[in-house]
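Shown next, in structure tokens, is the structure this report addresses.
Just so you know, all these numbers are worked out from the coordinates, no wet-lab data involved. This structure is a prediction, so every number in the text was calculated from the model and none was measured. Every residue, glycine among them, receives a Cβ derived from its backbone with ideal geometry; neighbour counts consider all protein chains shown.
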Amino acid sequence: MQLIPSPPKEVAKGFPPLRAVSNELLRANIVFSDTLDSLEKAGGHTKSCVNCGSSALAFGVPVLLKEEHFSMSLPLALCRKCSEKPPVSPFVEFSNFRSAWTTMALCVAGWIILLILSVVFPALATLFAFTSLGIFILVALTILKFFDTVPIEPKLRDSQTVDLINKSPHFGKMLNAFPNAKLLWTEVSPNSEPLKYAWTKEFERECFQQSFTPYERGFVMADLHSLDLSDGSIPLCTEVFRYLSDTFRDNFQSAQDNPIAAQVLITFLPGRKREVQLKVSPSGQRAIREKIRDKIESMPDFPVNLPVVVLYRNCNFPGIELANELPIPDPTLRTRAFARGFR
């Protein structure tokens, strides 16, 4: 975690004076910027299908990259034919030809044997009729299966997705930088075709540029103490954000895949006092809220001469929209009293 000063022009417009950024997000921003530069140098878009090299591009198909601290979309340029095959499609054509032919051969052989027996033994004619019907149905199902498709094995599809992204001249570096990230096709429902967008020269760059979403954000909202390296206040404030990051992330694990977002505004006051304004969404996550509050209350002191106000917000991937809806609380009465004293 690092504290990065905001440009003076932004501070003059009301932007917080300091931002807290994790090392993982710093690294992601660097790779993200390098990828955008790569796209710009290539004219803003990929020139051919990343799978087969065809220049007849038809679709842009985003793959969602989910990491512990952020998510983003990797839009792949594909021709029509490649967009209909795995790993883009979750289905693969039934390819067990040997089993299909063996089943049909056994059915035909059995039918011939029963035909001979029914001629030799007329009493078996009724049995032959019903058995012939069953064999006909079995052969029909086998033929239908022969031309059917079946879901591809998830591990195989994941592996093929990695290979496909690595063929991209631009997006393979994201996988190299974050090899443990999870890749997901943007499917409306399980085992359905992913979302495909008609290919345009602007789609690839715009989709990628707008998709980068960090889960955590930290700001020093007000700094009357004048944080500095000389008195150790900047390293201490950095440790505050690191403590909050670990606390939120540890407690979010119990939410599993359910959406959750949380935000805390902490005002550190002289005399080793603090005021905590915590909000967890959805409101039903009371147990997580209480655990986070207990950890914040037990956080080591951050001694200041004058108030320092920090805001920290975090969420999981399903809770991104909840995080964006969290309002920033108003300063506490004591903070406003200190601020009025400087006028």
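Taking the Cα-to-Cβ direction at Glu68 and at Glu193 and moving 7 Å from each Cα, how far apart do the two end points lie in nm?
3.8
Which of the residue pairs Lys41/Lys173; Lys47/Lys81; Lys41/Lys85 have a Cα-Cα distance greater than 19 Å in the structure shown?
Over 19 Å apart, Cα to Cα: Lys41/Lys85.
Could you run the Karplus curve 6.51 cos²θ - 1.76 cosθ + 1.60 with θ = phi - 60° over the stretch 257-263 and give me ³J(HN,Hα) per residue in whole Hz, x for Gly and Pro?
Once rounded to whole Hz, the list reads 9, 7, x, 8, 9, 8, 9.
Under a cut-off of 17 Å between alpha-carbon atoms, report the lysines in cross-link reach of Lys273, not counting same-chain residues fewer than 8 places apart.
Cα-Cα hits under 17 Å: Lys295.
Give me the Kirkwood hydrodynamic radius of the stretch 181-251 in Å, from all C-alpha pairs, to one decimal place?
For the stretch 181-251, inverting the mean 1/r across all distinct Cα pairs yields 16.9 Å.
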